[in-house]
Every structure is written in structure tokens, then in C-alpha cells.
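Enquirer: Take this structure, written in C-alpha cells, and hold onto it; I'll ask about it next.
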Amino acid sequence: MRAQPSGAMDACSTSGRSCLVVPAMHAASRHWAHRVCSGRPAAQPWHPQGVQTRLHSQHEQPMQVACRSAASVPSGAAPFQPETPLSQKIASFLDAFWKFLRPHTIRGTLLGTTALTTRALLETPALIDWGLLPKALMGLLALLCGNGYIVGINQIYDVDIDKVNKPFLPVAAGELSPGLAWVLCMLLATCGAAIVALNFGSLISALYGFGLFLGTIYSVPPLRLKRFAVPAFMIIAVVRGVLLNFGVYYSTKAALGVAGPFAWTPPISFITFFVTLFAVVIAITKDLPDIEGDKANGIETFATRMGVKAVSFAGSGLLLTNYAVAVWLAIQPSMGFNTFVMAGAHSLLALLLIWRTFRLDQDGYKQEAILSFYRW
């Protein structure tokens with residue numbers, strides 16, 4: 001290469017290397033150059049000390065060209081990557097773990113437990129004891145652990161499907177390895193079962209174990225009942241409807257020291273019916289965004305059998321029925337509900353559902369619209 005004119009000092013990048021040209025002191029002639037760069041042209045010889053000299057004429061003053069490899073690694077090797085800070089690794093893991101828990105599924109758990117616990121407390125206000133709050137929080141933690149185990153093990157066995165349908169999930173995206181996902185699932189199941197066994201007795205422990213069993217056979221071969229539309233939705237309805245509601249209400253009454261056999265009061269029957277039907281809607285609409293991957297992997301769902309439009313309208317119709325029943329029961333004096341709050345809230349939710357369904361239809365059932373509709 002030719003040296004730059006005297007007095008010039010420039011940074012250049014040629015053939016993947018960055019160079020700094022340092023001029024010689026003599027201004028009247030062409031110079032030797034001293035270049036600090038990364039890499040070097042293959043055609044030029046390389047001095048062991050990294051210094052080249054080239055004489056252009058006897059009148060030229062020397063400049064040294066020093067070239068240093070930008071990365072002291074053999075040709076073809078991966079470039080040097082700085083080590084990721086520990087704080088960033090922890091933040092990345094926590095973000096992946098949160099996605100692994102499928103946050104949108106937690107909402108149903110929180111809705112059902114809050115409604116049933118509140119109802120149990122309202123039935124026996126004289127027995128309310130704030131000292132039971134830690135036990136209640138432990139119960140909620142156990143439910144979240146069970147939920148995390150069920151959705152986690154589903155991601156492990158659905159990784160090929162999720163790479164098509166939900167590539168953002170941590171196992172499908174490679175943010176969590178299958179081995180680490182298994183460890184998290186086992187920890188969640190063990191912690192949840194231990195909390196229940198230590199705090200809520202044998203009956204609730206048995207129900208909790210049964211729920212984990214149903215969640216396992218939903219995803220794990222050889223049964224893998226999620227492959228079949230009817231058994232799949234029945235498992236979801238039983239776990240998220242009957243078992244959740246009965247277990248929470250029974251545990252709350254037992255913690256309050258209310259003696260006697262379990263009784264299905266009208267409010268508890270309504271709440272259980274509402275949440276169970278809500279779980280059915282979840283069960284039949286959850287596969288709407290997954291239709292392409294399910295077809296490719298031979299998974300039979302209501303969406304693959306009936307089509308996206310038919311299933312979305314069926315789900316909306318069932319949920320509207322839920323809201324309509326809630327409004328009707330709210331105005332029945334014998335039920336003991338707050339008419340204004342319950343009727344008003346469910347009427348508003350019904351109108352919002354109609355609008356969301358209309359928007360989905362107007363958007364032509366595109367993937368983004370379907371995903372937004374289901375998550376809502």
C-alpha cells in the first residue's frame with residue numbers, strides 16, 4: 001500500500017483490518033509507514049515482531065508498518081466473546097423461567113382461588129384470623145407450583161410443535177435446555193406436593209397428586225391424551241374446574257376450623273360451574289394459535305377438526321352463556337351476591353367479548369389476531 005501524504009493521520013479499514021497511519025518526519029518525500037492494524041494481507045510477509053519495512057527509494061525516509069492481529073486466534077476460529085456478567089445471566093434465566101411458567105395460565109388460578117377463598121370467608125366472618133394469611137399464601141404457592149409443573153412438562157414434550165407454533169417459549173427457543181426444564185419441573189412438583197402435605201392434610205394431598213397425574217398423562221407418552229380433543233378438554237376442565245374449586249374451598253373451611261361435611265352451597269356451586277365452564281372455553285380455544293404445528297405433528301384438536309372460525313365462535317358463545325348466567329343469578333336475592341358489582345362487571349365483560357370476537361372476524365383470523373384473542 002502507498003503511504004499517506006506527509007502530515008496526514010488517518011484511520012482506515014481494508015480487507016477486514018483497521019489501520020492507523022503515522023507519517024514520517026520528512027515532508028518532501030514518500031515515506032515508510034507505521035501501521036497498527038488487525039490482520040494483514042496474505043501476500044505480504046510477516047515479521048516475527050510484527051514489524052515490516054519497505055524502501056520505495058533512496059530518498060524516502062522510513063516509516064514502520066506494525067500489524068497486529070485483531071484477535072489472536074487461528075484462521076477460521078470464532079472471534080473472542082467477552083464473558084457475560086453474572087447479573088445478566090441471572091436476569092436472562094429469570095426471564096426465561098417466567099415465560100416457562102406461562103403467565104397467562106396463572107390468571108385463571110388466581111381468579112378461582114380468590115373467588116372461593118373470599119366466599120368462604122364471607123360465610124364465616126367471625127372466624128377470620130389474619131394469622132392464617134401465611135398458610136393461605138403457602139396454599140397459593142402450591143397451586144402455582146402445580147400449574148408450573150403441568151405447563152412446563154407440556155413444553156418439554158411439545159418442543160417440536162412449539163418451534164412452529166410458539167417459538168418464543170424458552171425450551172423451543174433454546175433459552176432453557178430440556179435437562180434444565182426437567183429439573184425445574186421436578187422442583188416445582190416436589191415443592192408443591194411438600195407444601196400441601198405439610199399444611200393441608202391427606203385429602204387435599206391426594207387431590208393435588210391426582211391433579212399432577214392428570215397433567216402428566218395429558219402431555220407425556222405413551223398416553224399423551226392431548227392428542228385427542230375430548231380427553232384433552234376433559235382433563236383441563238377437571239383440573240382447573242372441579243379439583244381447583246373443591247380443593248381451595250375445602251382447605252379454606254378446614255383452616256377456619258369449620259366442622260362438618262362439605263356442602264355445595266348455591267354460591268359455591270355457581271363459582272365452581274362458572275370456573276369449570278371457563279376452563280372448558282380455555283380447553284377448546286387454547287389450540288387456535290397452534291393449528292399449523294398440530295396438523296404437522298398429528299395432534300387432533302377442536303381447531304384442527306372444526307376450523308378456527310367455528311371454534312372461536314363456539315368458545316365465545318360458551319363464555320357469553322357464562323356471563324349471562326352470572327348476570328341472572330346476580331339479581332336473585334336468595335344468592336346473596338352484590339347485584340350492582342356482579343351484574344355490572346359481567347355485563348361489561350360480555351360486551352367486551354362480543355367486540356373482541358367481532359375484531360377477530362374482521363381481521364380474517366390471522367395468526368396475530370388469533371393469538372391476541374386467546375390471550376385476552
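Here, each number is a calculation from the coordinates, and none is a lab measurement. Here the structure is a predicted model, which is why all the values come from computation and not from measurement. Positions of Cβ are generated from backbone atoms using ideal geometry, with glycine treated the same way; all protein chains shown enter the neighbour counts.
Enquirer: Using each residue's phi in the range 242-254, evaluate 6.51 cos²θ - 1.76 cosθ + 1.60 at θ = phi - 60° and report the 3J(HN,Hα) Karplus result to the nearest Hz, with x for Gly and Pro.
Expert: 5, 4, 4, 5, 4, x, 5, 5, 4, 5, 5, 5, 5
Enquirer: Over the residues of the range 250-376, compute the C-alpha Rg and express it relative to 2.2 N^0.38 Å.
Expert: Against the compact-globule rule of thumb, the ratio is 1.31.
Enquirer: State, to one decimal in nm², a quarter of the convex hull surface area for the C-alpha atoms of the range 246-309, i.e. the direction-averaged projected area.
Expert: Working: hull surface 25.8 nm².
About 6.5 nm², averaged over all directions.
Enquirer: Based on the alpha carbon coordinates of the range 81-173, what radius of gyration and maximum Cα-Cα distance (Dmax) apply, in Å?
Expert: Cα radius of gyration and Dmax of the range 81-173 are 18.4, 64 Å respectively.
Enquirer: Still on this structure, please answer the following. Please report how far the C-alpha centroid of the range 283-355 lies from that of the range 181-248, rounded to the nearest whole angstrom.
Expert: 23
Enquirer: Limiting things to C-alpha atoms, what are the Rg and the maximum Cα-Cα separation (Dmax) for the range 195-292, in angstroms?
Expert: So, for the range 195-292, Rg and Dmax equal 15.5, 52 Å respectively.
Enquirer: At q = 0.27 Å⁻¹, what base-10 log of I(q)/I(0) does the Debye formula yield for the range 103-156 when every alpha carbon is treated as an equal point scatterer in vacuo?
Expert: -1.09
Enquirer: Select from the range 88-172 those chymotrypsin sites (Phe, Trp or Tyr not before Pro) which occupy a DSSP coil region and have at most 16 other Cβ atoms within 10 Å, ordered by residue number.
Expert: Details: sites: Phe93, Phe97, Trp98, Phe100, Trp130, Tyr149, Tyr157, Phe168; in loops: Phe168.
Answer in residue order: Phe168.
Enquirer: Explain nothing, just the number: dipole magnitude of the range 122-263 about its Cα centre with +1 on each Lys and Arg Cβ and -1 on each Asp and Glu Cβ, in debye rounded to the nearest 20.
Expert: For the range 122-263, the charge dipole is close to 240 debye.
Enquirer: Using the Kirkwood formula over every pair of different C-alpha atoms, what hydrodynamic radius in Å results for the range 146-254?
Expert: Values: mean 1/r = 0.0676 Å⁻¹.
Hydrodynamic radius (Kirkwood, Cα only) of the range 146-254 equals 14.8 Å.
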